[in-house]
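Participant: Take a look at this one; I'll ask things after.
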Amino acid sequence: GINAEYGKQWYQRRVRADGFTLNPILNEMISRIMVSVENRTEFTVFLVVPESYVHTSNMRLATDPDSDKMNLYHRDCINKMYSMIGNCISRHKGSADKRPTDYVQVYTLRNSGSSTPYKLKEHDHNIRSEMIFVHSQIVIIDDEHLILGTPTHHSQMASKEYEVAVALSQPHHSMVMNGALPMGQIAKFRLSLWLEHTGDTQTAWADPSSRECRERLRFIAQVNRSNQERGLMMESHLLEYCKKVHKNGKTEFYDFKSCYHSFIK
């Protein structure tokens, strides 16, 4: 998660000598992906992020200047991340068949229909979908490790804030120990989340690093995004966050200024 207040500070001071500074967690993730590219091993990260940051005093509209800065910072981070992965792929001829989205897929969530307590006057009956503001601090690693809590990962988290988190591990369910896909409580927790947001139970979900799993998730997210743009009901919550990710990592995004609600056309 990105804490809004510190996120604004990050945005304001993000330019450094190298032109950009990424969240240290993203840097660690990219380092592991680069090792995977070099070694030609399967490694996939699935990120679920808010489609847009909105001002907390007016959750309906993303027109606040600070919210706009947060949206731009968030997308700058993702664009930089994909560019770094794209550059790494281009340097390794053995990975020429790979794309940045084989290693990182970024999604967002929307509800079909309106579930908010407020009314949008004459437009309320036209609401077809609304953004789910993702603020869950959850990390699941290899269906073996789970971190769940309140920390928002910025430089002052440990020294100036009071946060709590629980870290769970089930090493006896690891692939290394059993030679099979993990099926402990952490794996079941992830599968329940995927069922909630994809509306689908797939055998491919058992192995998130598989090509079949990546392609199926992307297909569901693309169908939902297409339906949302055309004003049709979505089949589940999951949507693509990025409009297009090129092989070199250059990323195109949807318009965050109009994404909080979508209306029947």
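Participant: Determine the sum of side-chain charges near S36: Lys and Arg each +1, Asp and Glu each -1, restricted to other residues whose C-beta is under 15 angstrom from that of S36. It would help to have the intermediate numbers written out before the result.
Facilitator: On the way: positive: R32, R40, R91, K98, R99, R211, R214; negative: E28, E38, E42, D97, D102, D142.
Neighbourhood net charge equals +1.
Participant: Using the Cβ atoms and a cut-off under 10 Å, what net charge is assigned to the surroundings of D200, where Lys and Arg are +1 and Asp and Glu are -1? List each step's numbers first, then the result.
Facilitator: Details: positive: R216; negative: E235.
Net charge in that neighbourhood comes out at 0.
Participant: Karplus couplings for the stretch 187-197 from phi (6.51 cos²θ - 1.76 cosθ + 1.60, θ = phi - 60°), rounded to Hz, Gly and Pro as x?
Facilitator: 4, 5, 5, 4, 4, 5, 5, 5, 5, 4, 9
Participant: May I ask you to evaluate 6.51 cos²θ - 1.76 cosθ + 1.60, the Karplus curve with θ = phi - 60°, for each residue of the stretch 202-208 and list the ³J(HN,Hα) values in order in whole Hz, giving x for glycine and proline?
Facilitator: Values, residue by residue: 10, 5, 5, 5, 5, 10, x Hz.
Participant: Please work out the FRET efficiency for the pair N87 and F219, using the Cβ-Cβ distance as r and a Förster radius of 35 Å; give the result to the nearest 0.05.
Facilitator: On the way: r = 27 Å, r/R0 = 0.78.
Efficiency for this residue pair is about 0.80.
Participant: Highest mean first, what order results for 103-109, 185-191 on Cβ atoms within 10 Å? Intermediate results must be reported in sequence, preceding the final value.
Facilitator: Details: 103-109: 23.0, 185-191: 16.9.
Descending mean neighbour count gives 103-109, 185-191.
Participant: A further question on this structure: Each label point is 7 Å from the Cα along the Cα-to-Cβ direction; what then is the distance between the points at H246 and S226, in nm?
Facilitator: 2.4 nm
Participant: What nm value, rounded to one decimal, do you get for the distance between N39 and A206 when each label is placed 7 Å out toward the C-beta?
Facilitator: 2.4 nm
Participant: Now, a different point. Check which residues have an amide H placed less than 5 Å from Q137's amide H, if you skip close sequence neighbours.
Facilitator: Counting only residues 5 or more places away or on other chains, the set is G149.
Just so you know, all these numbers are worked out from the coordinates, no wet-lab data involved. All values reported here derive from a predicted model rather than from experimental measurement. Don't worry about glycine lacking a Cβ; one is built from the backbone with ideal geometry, like all the others, and counts go over all protein chains shown.
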